[in-house]
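To start, the structure itself, in structure tokens.
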Amino acid sequence: MNKELMNEILNNIKENDKILICRHTRPDGDAVGSTLGLKHILKDSFPNKDVRVINNDYAEYLNFLGEEDKEDLEFYKDSIAIIIDTSIPSRVSNNHYKDCKMVIRIDHHINLEPYGNLEWIEEEKSSASEMICEFYLAFKDELVLSKEAATCIYTGIVTDSGRFKFDSCNGDTLRKASVLLDKGIDVDSLFAHLYLTDERSLKLKGHMLNNFKITPNGVAYIYVTKKLQKKFNLTSDESSAMISVIESIKGCLMWIAFIDTPDKSIRVRLRSRFVNVNEIAEKYRGGGHAKASGGTVYNKKEINSLLMDADKVLKEYKENNEGWL
Ligand code: AMP
């Protein structure tokens, strides 16, 4: 436990009345849950402080967790910034954090590029939300955890641990989740918001199930082109969610989705079991976690090159390891 670091973070929070909280672009449940969760904790514990979550983008499917704050260029100058769940500065969804007088970073990604004045990084943690829960528990005599805060943080843990499935999830993760659940979270509603699908995306899932491809050594992949997105009338969140369609194929230890984006780049989402994918992502303008990473490519040639790299890594892994499925 990083009690000393957490103490320093709490002291900085206590000493400052204006606090900006940010997360990474293309937010997921952990990015939104951890930032809004911390905001609730700080607002409820220190009602006189001005605590705001300000970012440049949002994910519609996570709107049920509550709204973030509006842009206010006057806010930054005397604030401290707390950036959560964001491994590199170019992924922070609000560049104005650089105008703040201090940057605190809380993250569980592989640490590629330190950029905070104070950094609390734990790469093995299931989620940044788990770290926020740990922060609350370390000072629970002085901090307040409402049902709303617990719901946000629980959402982050559930989504980033694949519903408690990934190997980053351990006994501690579940003990923290139990503290959150005890606050009375409405799990029926939470899981409905997160995992229900509608007819359009179900039809695309059907299309993807019929059309995914597999490289010679077992990398499964799909390409959600602009044309498909148009045909099925999909949002970018829905298009990105298609990665889950190919996650459970025996022998396919890596699975990758390529998704056309409006800015003409192609988003890459890489997932795996047993074998790691982060180094492949790093080669293609990305990074993330050992078994869940993201990157960007710009054309079919780069798609093919990435697939060849992934296939080679998987071939070597299969040749040198046993017990994989
Ligand atoms: P995604 O597929 O976008 O859900 O990303 C999986 C993980 O990799 C998340 O933890 C992201 O924060 C991280 N990630 C995604 N894209 C990048 C990138 N371009 N650079 C660094 N990390 C990334």
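Here is how the numbers come out for the structure above:
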quantity: Qualifying positions in segment 78-132 - more than 27 Å from residue 169 (Cβ to Cβ), among the aromatic types (Phe, Trp, Tyr) and away from the ligand (no atom under 15 Å from the Cβ); calculated: 97
quantity: Residues of segment 93-113 that turn out to be of a type outside the set (A, V, I, L, M, F, W, C) and part of a strand (DSSP E or B), as a count; calculated: 2
quantity: 3 or more residues at pLDDT 95 or above and in the same structural domain as residue 26 (by TED's automatic domain parsing): qualifying helices (runs of 4 or more DSSP H) within segment 151-253; calculated: 171-181, 187-195
quantity: Residues within segment 114-137 that are crowded, with 17+ Cβ neighbours inside 10 Å and not in a loop (DSSP other than H, G, I, E, B), tallied; calculated: 11
quantity: Close pairs from segment 131-149: first without any contact (Cβ under 8 Å) to a residue 40 or more places away in the chain and assigned by TED's automatic domain parsing to the domain that holds residue 44, partner outside any loop (DSSP other than H, G, I, E, B) and open to solvent by 20 Å² or more (accessible area, probe 1.4 Å), Cβ under 9 Å, at least 6 apart; calculated: 140/179
quantity: Counted residues, segment 150-166 - those being touching a residue at least 40 places away in the same chain (Cβ under 8 Å) and open to solvent by 10 Å² or more (accessible area, probe 1.4 Å); calculated: 5
quantity: Checklist (1) within 16 Å of the ligand (Cβ to nearest atom); (2) open to solvent by 40 Å² or more (accessible area, probe 1.4 Å) applied to residue 40, failing item; calculated: (1)
quantity: Residue pairs meeting the criteria (Cβ under 8 Å; at least 6 apart or on separate chains; first farther than 17 Å from residue 112 by Cα, in segment 287-305; second more than 14 Å from the ligand (Cβ to nearest atom)); calculated: 297/303; 298/264; 303/223
quantity: Number of positions in segment 262-285 that are farther than 20 Å from residue 246 by Cα and either in contact with a Phe, Trp or Tyr (Cβ under 6 Å, 6 or more places away or on another chain) or at pLDDT 95 or above (or both); calculated: 6
quantity: In segment 256-291, the residues that are open to solvent by 30 Å² or more (accessible area, probe 1.4 Å) and either in contact with a strand residue (DSSP E or B) (Cβ under 7 Å, 6 or more places away or on another chain) or among the hydrophobic types (A, V, I, L, M, F, W, C) (or both); calculated: 267, 269, 271, 274, 285, 290, 291
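The values are calculated or read from the model by the stated rules, or taken from the named source; none is laboratory data. Predicted, not measured: the structure shown is a model, and the values here were computed from it. A quick note on method: Cβ atoms are made from the backbone with ideal geometry, for glycine too, and the neighbour counts reach across all protein chains shown. These accessible areas exclude ligands, DNA and RNA; they are computed on the full protein's heavy atoms, side chains included. Shrake-Rupley method; radii C 1.70, N 1.55, O 1.52, S 1.80 Å.
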